[in-house]
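Visitor: Take this structure first; my questions come after.
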Amino acid sequence: MKKTYMIDVDCANCAAKMEQAANTVEGVVTASVNYMALNMSVEFAEGADVKKVMGEILKKCRKIEPDCEIYY
């Protein structure tokens, strides 16, 4: 399953780091961040708990950019 989420991030460099972090979370097949559109697309592994995975992604992203937000 693939979903797209609105994000709030201040710079393109932080967005790239968020993408890298999201791709390390268990349950994520692939994640990509589009800084210009301010969105994140996430493809989830089959059977993954989407809310739990997104919570982990947000936790990792906030270590990189404490002010970032992912609206899920």
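Any read-out appearing in this document is the output of simple, stated calculations on the displayed coordinates, not a laboratory observation. These numbers come from a predicted model, not from an experiment. Backbone-built Cβ (ideal geometry, glycine too); neighbour counts: all protein chains shown.
Visitor: How about the chain: which GluC sites (Glu not before Pro) there lie in a loop by DSSP and see at most 10 other Cβ atoms within 10 Å?
Guide: When the GluC sites (Glu not before Pro) of the chain are filtered for loop state and at most 10 Cβ neighbours within 10 Å, Glu26, Glu46 remain.
Visitor: Evaluate the distance, in nm, between pseudo-label points positioned 7 Å from the Cα of Tyr71 and of Glu46 along their respective Cα→Cβ axes.
Guide: With each label point 7 Å from Cα toward Cβ, the separation is 3.3 nm.
Visitor: Taking a cut-off of 17 Å between Cα atoms, list the aspartates and glutamates near Lys3, but don't count ones fewer than 8 places away on the same chain.
Guide: Glu19, Glu26, Glu43, Glu46, Asp49, Glu56, Glu69
Visitor: With Cβ to Cβ distances under 15 Å as the rule, what net charge do the other residues near Lys52 carry (K, R +1; D, E -1)?
Guide: Neighbourhood net charge equals 0.
Visitor: Can you give the angle from 0 to 90° between the axis of helix 12-22 and the longest principal axis of the chain, with both taken from C-alpha atoms, to the nearest 10?
Guide: 20
Visitor: Next question. May I ask you to compute the full-extension gain from Met6 to Met36, defined as 0.36 nm times their residue separation minus their alpha-carbon distance, rounded to one decimal in nm?
Guide: The span from Met6 to Met36 would gain 9.7 nm if fully extended.
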